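What follows is a single structure, written as structure tokens, with notes after it.
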Amino acid sequence: MSEDGFFDDELELLDDGGLQASDDQTLYEHLRLEVDRGQVPLRIDKYLSEHTQHSSRNRIQQAAEAGFLHVNDRPVKSNYKVRAGDVITLMLDRPHYDSTIVPEEMPLDVRYEDQDLMVVYKPAGLVVHPGCGNFHGTLVHAVAWHLRSLPTYDPNDPQVGLVHRIDKDTSGLLVVAKTPEAKSCLGKQFFNHDTRRSYVALVWGNITDDEGRIEGNIGRDQRDRLRMAVYPPDSEIGKPAVTHYRVLERYGYTTLVECRLETGRTHQIRAHMTHIGHPLFADERYGGCEIRRGERTASYKAYIQNCFKLCPRQALHAQTLGFRHPTTGEQMDFTSPLPDDLQQLIDKWRGVYARQ
């Protein structure tokens, strides 16, 4: 089960063509559940959100409204109330993809390794985990190749492997558990917010406060399924998320910040910073590839375009990662220098700001 949820991963491929089943198309079974005896009537979206790990209720509702959610071989809406003995199936318009991970020989930047775990650096542009059209050439495949001689490591066993993720176009550090015991221990640290994680980001605009806290549930944007949106903390939409930020440097029209995570939601920093009016520089998904602040002159527009060429992805780097070692209990802290593209971008802004 992925951290973003079965329904999120399975339905993401359908977004480009629209989520809507037609009467004449062939549907394929991707999930089957039988409701337990003694189950009291309960809305199907609530039932599935409780019985499928990490699947968002909003995504389940989308599947139902699209006609992909069936009960006893008939499509139902999200307000259908399941009863004991009901057979629930997720029926999609494509065959189930074989997600078996086969090791692939790829470069892997290992920063630390012992018998329990390893810390790896992921460059921008590399997908972490198979899914959403990226079924080969991911970080998971590279890890599987690196550990191919370790008889106790099975890349298809969810009890081992990557403990957390970062986005494709975010660079930075990740921890991999080699044993079930290590993954359980590290997973609990992430769940209990006991890890130390900080990111460096360049955002649009001059952030007024030197530091701050952003709290708001993060869930799928109801107008754009490829984005995440921020909802009130007391709402039933999305999952609770907290981001702390601290200003590192100001460049007039942009600000360099450090972000520390209490939670690790999908696109958390990207969505939270957009929510407070400071989207990440060059973040195409969240409007960061538009000129959000600055002058209207042709020279300024040319300057920004050159900045986009230097760093053609969201300006976000997972710089530090800290946790307690699952066996020794020792505090382990790792830092990754800024990659060249982000460093050059920051240097360019520093140069302009110094001349003002």
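Worth a mention:
- When the helices of the chain are scored as -39500 (n - 2.57) per DSSP H run of n ≥ 4 and the total is divided over every residue, the value at 222 nm lands at -6500 deg cm²/dmol.
- Against the main long axis of the alpha-carbon atoms of the chain, helix 340-355 sits at an angle near 40°.
- For the range 270-317: rounded, prolate or oblate by the Cα gyration tensor [a/c cutoff 1.5]: oblate
- Remark: the chain projects, on average over all directions, an area of 20.5 nm² (convex hull of Cα atoms).
- For the chain, the longest principal axis of the Cα atoms and the long axis of helix 298-310 meet at an angle of about 60 degrees.
- Loop-located trypsin sites (Lys or Arg not before Pro) in the range 74-121 (DSSP state other than H, G, I, E, B) with a sparse environment of at most 14 neighbouring Cβ atoms within 10 Å: Lys77, Arg83.
- 30 Å Cα cut-off, lysine pairs counted over the chain (separation 8 or more, or different chains): 28
- Using all pairs of distinct alpha-carbon atoms, the Kirkwood hydrodynamic radius of the range 135-260 works out to 17.5 angstrom.
- For the range 150-222, projected area of the alpha-carbon convex hull averaged over all directions, nm²: 7.8 nm²
- Per residue solvent-accessible surface (Å²) - the chain, probe of 1.4 Å: 49 Å²
- Among beta bridges that DSSP assigns inside the chain, antiparallel share in %, nearest 5: 95 percent
- Nearest 10 degrees, 0 to 90: helix 180-191 Cα axis against the chain principal axis: 70 degrees
- Max mean-square fluctuation residue, GNM over the chain, Cα-Cα springs under 10 Å, options Asp154, Asp167, Asp209: Asp209
- Each 10 Å bin, from zero up to the one with the longest distance, holds this percent of the alpha carbon pairs of the range 281-356: 16, 38, 23, 14, 8, 2.
- Computed over the range 186-281, the P(r) curve from all C-alpha pair distances, binned at 10 Å from the origin, holds 17, 46, 31, 6, 0 percent per bin.
- Semi-axes of the equivalent ellipsoid for the range 35-79, computed as √(5λ) from the eigenvalues of its C-alpha gyration tensor and ordered from largest down, come to 16, 14, 8 Å.
- Applying a DSSP loop filter and a limit of 15 other Cβ atoms within 10 Å to the GluC sites (Glu not before Pro) in the range 73-125 leaves Glu104, Glu105.
- Protein accessible area in the chain, 1.4 Å probe - carbon and sulfur %: 46 percent
- Only Cα sites of the range 220-356 enter the Debye sum here, all with the same form factor; the resulting log10 I(q)/I(0) across q = 0.09, 0.21, 0.22 1/Å is -0.34, -1.35, -1.42, listed in q order.
- Candidates per trypsin sites (Lys or Arg not before Pro) in the range 143-224, loop by DSSP, up to 15 other Cβ within 10 Å: Arg148, Arg223
- Cα-based equivalent ellipsoid of the range 38-195: semi-axis lengths in Å, sorted from largest, via gyration tensor: 36, 18, 15
- Build a GNM of the chain with springs between Cα atoms under 10 Å apart, and of Asp109, Asp234, Asp221 the one that fluctuates most is Asp234.
- Counting every pair of alpha carbons in the range 38-128, the share spaced more than 18 Å apart comes to 61 percent.
The values are calculated or read from the model by the stated rules, or taken from the named source; none is laboratory data. Since this is a predicted model, take the numbers as computed values, not measurements. All Cβ positions, glycine included, derive from the backbone under ideal geometry; neighbour counts span all protein chains shown. With ligands, DNA and RNA removed, areas are computed over all heavy atoms of the protein, side chains included. Shrake-Rupley method; radii C 1.70, N 1.55, O 1.52, S 1.80 Å.
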